[in-house]
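Participant: Right, I'll just put the structure down here and ask away after.
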Amino acid sequence: QVDGLSKLVAVLLRYFEEWNRTATLTKVTLLNKLMAAVVKVMHATHAERKGAFNQRPFHRLLLRLLLDVSEVMPEAMVMSLGDVLQALQPRLLPGFSFAWLELVSHRYFMPRMLQAKKNKGWAPFQRLLLGLFKYMEPYLRVAELHEPIKLLYKGTLRVLLVLLHDFPEFLCENHFSFCDVVPPSCIQLRNLILSAFPRNMLLPDPFTPQLKVDLLPEINKAPAILSNFTAALSQSNLRAELDAFLKGRGSRTFLTDLQAQLLLPTLAEAAACGTRYNVPLINSLVLYTAVHAIMQNAGQDKNPVTTGASMELFLKLSRDLDTEGRYLLLNAIANQLRFPNSHTHYLSCVLLFLFQSTHDKEIVREQITRVLIERLIVNKPHPWGLLITFIELIKNPAYDFWRHDFVRSSTEIEQLFQSVARFCLPQQVVGQAMGQPAVAPEPGAVGAVGGGPSSSQG
């Protein structure tokens, strides 16, 4: 019966001109009306049956419609199904979540959406992924992965792996909006998003000795970002004050008052988000400040990182924010350590300068190390910018990384750092950096951080 209904719709659309007698009805409007009726029935059935909702017949119907109608009007059907799936997203119909994810990732839907002319399918598909991330966020934030959520999370990782392999530009240009809704605890999921780089770019090997990052041809080019990364600033009425400060005309109390403006206004919002801080606002503030600094210092010979209002803002926040706020700030910086581009280069330099300049606040250095190391100890892939930043930190004697107490706070922690260092650097360099003779790594030590340099380079 379900297959018959789908074939009836396909026949009506195929022979539309032969039976249609009105000038107002078109194929597209007819298709949209039919799909709207399906959505209405699904919502009513889900509300009536709740936990007893059976997703299989509706999944079968939508799949058959996708296959049958695509033979008649492929682009219109894909775009119409995109709108339908937006109306059926897991936050609205939790009982349809698994069928929904299967349809979103189907080989007749996802590639056609992302290969549509002029990328007009990118925005609808981005909204679908955002809806999925927002549905899973409360569970992932508190690590309550019951079996259904665990399976949904595994499916999401697989979808992202396909996107990373086949449509990396989509992840590159939408990374900012995705990082806004992915909780800080979802490190591997975020790494998948941030590891994407354009297919026409030959990514330099981060393990190359004496790699001169600042001489790479791509390092001065700004990456394309489709997301509106200034939206949170505009909504908070902070942008005008920030612009004035970055241009040297701001109030003297701006930096002092900034910390309070990064907090959520009500306790109810803080409880719902699991943090007192406005995370999208912090992400927006970091990237906007970095973009302004890059534009302001374009063409200058002096180091643009150590001077200027932008660096003053980063230093002030890293010193004055509490532990939670500082961690979110450093996470927002690390979210921009991606493939070679001007944002990656500038914010990598910012992170290293903060590590070097906060010699009187060891907690800042410890949290910078935490943000970097926790993204490296998970399974691959690892973002290129993250690797070159950490390699510079542990290799350059100017940062004196191995002499800090938090590196040697316990045997387990020290072994973890040594394992990651062996993964990132040749063994001789590790021994020199740590001030000890080089020794062969223990069997399996490198595997703890993802498989070793040879497999990572591959």
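The values are calculated or read from the model by the stated rules, or taken from the named source; none is laboratory data. Because the structure is a prediction, the values reported are computed rather than measured. Counting neighbours? That spans all protein chains shown, and the Cβs are built from the backbone with ideal geometry, glycine included. Quick note on the areas: whole protein, heavy atoms, side chains included, nothing else; ligands and nucleic acids left out. Shrake-Rupley method; radii C 1.70, N 1.55, O 1.52, S 1.80 Å.
Participant: What is the number of the single condition among (1) assigned to a helix (DSSP H, G or I); (2) surrounded by 15 or more Cβ atoms within 10 Å (Cβ to Cβ); (3) among the aliphatic types (A, V, I, L, M) that Leu226 does not meet?
Facilitator: If we test Leu226 against (1) assigned to a helix (DSSP H, G or I); (2) surrounded by 15 or more Cβ atoms within 10 Å (Cβ to Cβ); (3) among the aliphatic types (A, V, I, L, M), just (1) comes out false.
Participant: Yes or no: segment 320-330 includes at least one residue that is in contact with a helix residue (DSSP H, G or I) (Cβ under 8 Å, 6 or more places away or on another chain), surrounded by 19 or more Cβ atoms within 10 Å (Cβ to Cβ) and over 24 Å from Ile388 (Cα atoms).
Facilitator: Among the residues of segment 320-330, at least one is in contact with a helix residue (DSSP H, G or I) (Cβ under 8 Å, 6 or more places away or on another chain), surrounded by 19 or more Cβ atoms within 10 Å (Cβ to Cβ) and over 24 Å from Ile388 (Cα atoms), which makes the answer yes.
Participant: Would you point out the residue of segment 173-196, among those that are farther than 18 Å from Ala123 by Cβ and in contact with a Lys or Arg (Cβ under 7 Å, 6 or more places away or on another chain), that is surrounded by the most Cβ atoms within 10 Å (Cβ to Cβ)?
Facilitator: This residue is Leu194.
Participant: Taking segment 45-79 as the region of interest, how many residues are more than 34 Å from the chain's Cα centre (by Cα) and open to solvent by 50 Å² or more (accessible area, probe 1.4 Å)?
Facilitator: Final tally of qualifying residues: 4.
Participant: If you check Ser236 against the conditions, is it polar (S, T, N, Q), open to solvent by 30 Å² or more (accessible area, probe 1.4 Å) and touching a residue at least 40 places away in the same chain (Cβ under 8 Å)?
Facilitator: Yes: the conditions hold for Ser236.
Participant: Please go through segment 277-326 and give me each residue that is at pLDDT 90 or above, among the β-branched types (Val, Ile, Thr) and farther than 20 Å from Ile225 by Cβ, ordered by number.
Facilitator: Matches in segment 277-326: Thr323 only.
Participant: Hey, can you tell me all the residues within segment 100-111 that are surrounded by 20 or more Cβ atoms within 10 Å (Cβ to Cβ) and either in contact with a Phe, Trp or Tyr (Cβ under 6 Å, 6 or more places away or on another chain) or assigned to a helix (DSSP H, G or I) (or both)?
Facilitator: Correct list: Trp100, Leu101, Leu103, Val104, Met110.
Participant: I'm told Ser97 meets every condition in (1) of a type in the set (Ser, Thr, Tyr); (2) part of a helix (DSSP H, G or I); (3) surrounded by fewer than 20 Cβ atoms within 10 Å (Cβ to Cβ) except one. Can you identify the failing condition by its number?
Facilitator: (3)
Participant: Of all residues being of a type in the set (Val, Ile, Thr) and within 23 Å of Gln55 (Cβ to Cβ) in segment 2-25, which is modelled with the highest pLDDT? Just the residue, please.
Facilitator: My answer is Val9.
Participant: Which one of these does Val429 not meet: (1) at pLDDT below 90; (2) assigned to a helix (DSSP H, G or I); (3) open to solvent by less than 40 Å² (accessible area, probe 1.4 Å)?
Facilitator: Failed condition: (3).
Participant: Further question on the same structure: Considering only residues that are surrounded by fewer than 15 Cβ atoms within 10 Å (Cβ to Cβ) and not basic (Lys, Arg), look in segment 383-408 and name the one that is nearest to Phe353 (Cα to Cα).
Facilitator: Taking the candidates together, the pick is Ala398.
Participant: Considering only residues that are open to solvent by 70 Å² or more (accessible area, probe 1.4 Å) and not in a helix (DSSP H, G or I), look in segment 252-269 and name the one that is modelled with the highest pLDDT.
Facilitator: So, considering only residues that are open to solvent by 70 Å² or more (accessible area, probe 1.4 Å) and not in a helix (DSSP H, G or I), the one modelled with the highest pLDDT is Pro265.
Participant: Another one. Could you grab me the full set of residues in segment 229-241 that are in a loop (DSSP other than H, G, I, E, B) and either closer than 15 Å to Val286 by Cβ or touching a Gly at 6+ places or on another chain (Cβ under 7 Å) (or both)?
Facilitator: Answer for segment 229-241, where residues must be in a loop (DSSP other than H, G, I, E, B) and either closer than 15 Å to Val286 by Cβ or touching a Gly at 6+ places or on another chain (Cβ under 7 Å) (or both): Phe229, Thr230, Ser236, Leu238.
Participant: Pairs, please: C-beta under 9 Å, at least 6 apart or cross-chain, first residue hydrophobic (A, V, I, L, M, F, W, C) and in segment 404-423, second modelled with pLDDT of 80 or more and not in a helix (DSSP H, G or I)?
Facilitator: Between residues of segment 404-423 that are hydrophobic (A, V, I, L, M, F, W, C) and residues that are modelled with pLDDT of 80 or more and not in a helix (DSSP H, G or I), the close pairs are Leu416/Ile377; Val420/Ile377.
Participant: Look through segment 1-21, keep the residues that are among the aromatic types (Phe, Trp, Tyr) and part of a helix (DSSP H, G or I), and return whichever of them is most open to solvent (accessible area, probe 1.4 Å).
Facilitator: Selected residue: Trp19.
Participant: Tell me the residue from His106, His146 that is within 22 Å of Leu63 (Cα to Cα) and of a type outside the set (Phe, Trp, Tyr), please.
Facilitator: Only one candidate qualifies: His106.
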